[in-house]
Structure formats: C-alpha cells, structure tokens
Protein chains: 2
Amino acid sequence: MTKLLNERLKKGELLNVDCPSREVLKRLTGRWSLLVLIALRDETLRFSALRRRIGGVSERMLAQTLRYMEEDGFISRIAYDVVPPHVEYHLTPLGCEAEERIALLADWLENNFSRIMEKRQASAARPVVNKPL
Amino acid sequence: MTKLLNERLKKGELLNVDCPSREVLKRLTGRWSLLVLIALRDETLRFSALRRRIGGVSERMLAQTLRYMEEDGFISRIAYDVVPPHVEYHLTPLGCEAEERIALLADWLENNFSRIMEKRQASAARPVVNKPL
DNA sequence: CTGGATCCCAGATGATACTG
DNA sequence: CAGTATCATCTGGGATCCAG
C-alpha cells in the first residue's frame, strides 16, 4: 500500500521542475559520465589509461567529469604520492549499481541500433509530409 | 561462443570515438528525451498536455525533442486534421523498450538519491585536500 | 492548439600551453 | 603523469513573435 503510493509519487518526481534528482541525472547521463562508468566496469584505471579507453575525450573534460563523479560518490580516486604522479580510479558500490542500469540501456541500444537507424533513414527519405489535397 | 564474442565486441563500441551509437545515446539521454519517455509511459498525450506534464520544458525544446524522437522511432505522432489542431504522441514498441531501461535507471536514482546527496555534501565540506606536510 | 523562425545568452566542450 | 589555466568555439536552450 505505502509502497504503491511511493511508486506513484516517485514516478512523477522527475517530471517536476524542481525535482533535485534532475541534476544528478544530468551528471549521470552526461556525455562522458556514461562512458566513464562503462569504462570502469570491473576495472581500475589510471587517468591516462582511462583517457585512451574513452575515445575522443579531452583531458579537461575527463578531469572535470571525474571530479563530479567522485563528488557524487560514483567513483573513487586514489592518488599515490610518487613522482611521476600515479592516480587510480574505480567504481564505488554506488557507481557499480548505477553502471548496471547504464549498461542495460547501452547494451539494448547497441543491440537495437539497426532498428533505429532504419527508422531514421526512412524518416529522412520523406522530409516533409506535404498533404497534396 | 559467438554470443560471448559479440558481447566483448559490443562492450567496446560505445567507447570508440566514431561509434554511431553515441549519437543515438545522446538523443536518448538528452535532458528532455528522458522525461518524454517517462511521461509517455503507457499514456497517449497531446502536445500541451505533455508540456504541462514535463515541468520546465519550453515549447521549442519539446517540439524539437519530439521531432528527433519520432525520427528515431521512439514515439509516434498522430495529427488530426481539425482546427484547432489536435496532435497526439505515444510510445512505439521501440520507445517502450527504451523506456523500460530508462525507468530502471530513473527509479534507482530516485531511490538512492539520498545516498548521493550525502556523499556530495560530505565532499563539499572538504573542498580541497590540502596535505599539510 | 501546435508548432516554426529568430535572436541571444549561458554553459558545455575543445585546443593549447603550463606546472608540480 | 596528472592535471590546471586560459582562450576560443560550438551548441543547448529560453524568450519572443508569428502562422496555419
């Protein structure tokens, strides 16, 4: 009963303008955050390795993304005090849980990519829906 | 065997710079696309109803998002030829499948929101990690 | 009512150079 | 190596006006 009620309430929260979850969602589904989660799936990586792994990300963006994700508790950062610097990143339990959900979406997307592209090309074929009397 | 191999291959695709799925993912996880999917979960809505449902979205963004999502085959648009105009939107089977994955992520997020916020505030408390000799 | 067209700004992102 | 700082750019997104 209470659970059902909660689900009803929760369902609408994200649709609410001032739902605080929106901001977190934004960080979670940001262009690079998604890829960081996937890249770190059961793996610990250093900054540069992570950067090589995630094609196209700049140093700046990766650093910023990692900072945000650490702030939110999705990843853990370990800096060894040596020279040259050695820093490792890995998913926290929270990050793992998030990654599972992200992975479901990502896997589905890659498996159904062709369906989407077919649809899109079909749409492109008939750019305007002119209704000639 | 082949399946395992495929999973290996697929796992890396999104991490590849020129993976075409990235663009679709971008549309799928865009600020408003997510909310449109959730709002249309087992429901058919008109433009203005949808707009009221999704707090904070502008006409422009909603229209644009809906166009993209129809292009990709996630939603279906039915325009009745009457005046004033009457247009309805609902999820396609493809859209439903996507929505399921999105919903999993969204529900998890709302359920674990407090965990994240605690972490974030803890991080804010110690802005810089100065290591005093 | 359902958008399209335009203008404009803030924030996201990239490129490059620099530092401990 | 692992970033930060700076500057330039590009894009998302809001506001507004207009039309079928």
Across region B:29-54, which residue is farthest from the chain's Cα centre (by Cα) among those that are open to solvent by 10 Å² or more (accessible area, probe 1.4 Å) and among the β-branched types (Val, Ile, Thr)?
-> B:Thr44
Please indicate, with yes or no, whether at least one residue in region B:55-78 is more than 10 Å from DNA strand C (Cβ to nearest atom), open to solvent by 80 Å² or more (accessible area, probe 1.4 Å) and within 9 Å of another protein chain (Cβ to nearest Cβ).
-> no
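Quick one: which of B:Leu25, B:Leu104, B:Leu109, B:Leu94 is within 11 Å of chain A (Cβ to nearest Cβ), without any contact (Cβ under 8 Å) to a residue 40 or more places away in the chain and out of contact with any Leu (no Cβ under 7 Å at 6 or more places or on another chain)?
B:Leu94
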Please indicate, with yes or no, whether at least one residue in region B:40-51 is part of a loop (DSSP other than H, G, I, E, B), under 23 Å from A:Asp107 (Cβ atoms) and in contact (Cβ under 8 Å) with a residue 12 or more places away in the chain.
-> yes
Read through the list (1) in a helix (DSSP H, G or I); (2) within 12 Å of DNA strand D (Cβ to nearest atom); (3) surrounded by 11 or more Cβ atoms within 10 Å (Cβ to Cβ); (4) not small (Gly, Ala, Ser), then give the number of the only condition that A:Val87 fails.
-> (1)
Mind listing whichever residues of region B:13-30 are in a helix (DSSP H, G or I) and out of contact with any helix residue (DSSP H, G or I) (no Cβ under 7 Å at 6 or more places or on another chain)?
-> B:Arg22, B:Glu23, B:Lys26
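The values are calculated or read from the model by the stated rules, or taken from the named source; none is laboratory data. In this text, all values refer to a predicted model and were calculated from it rather than measured experimentally. Note that we place each Cβ from the backbone using ideal geometry, even for glycine, and neighbour counts take in every protein chain shown. Ligands, DNA and RNA are stripped out before the accessible areas are found, and what is left, the full protein with its side chains, is counted by its heavy atoms. Shrake-Rupley method; radii C 1.70, N 1.55, O 1.52, S 1.80 Å.
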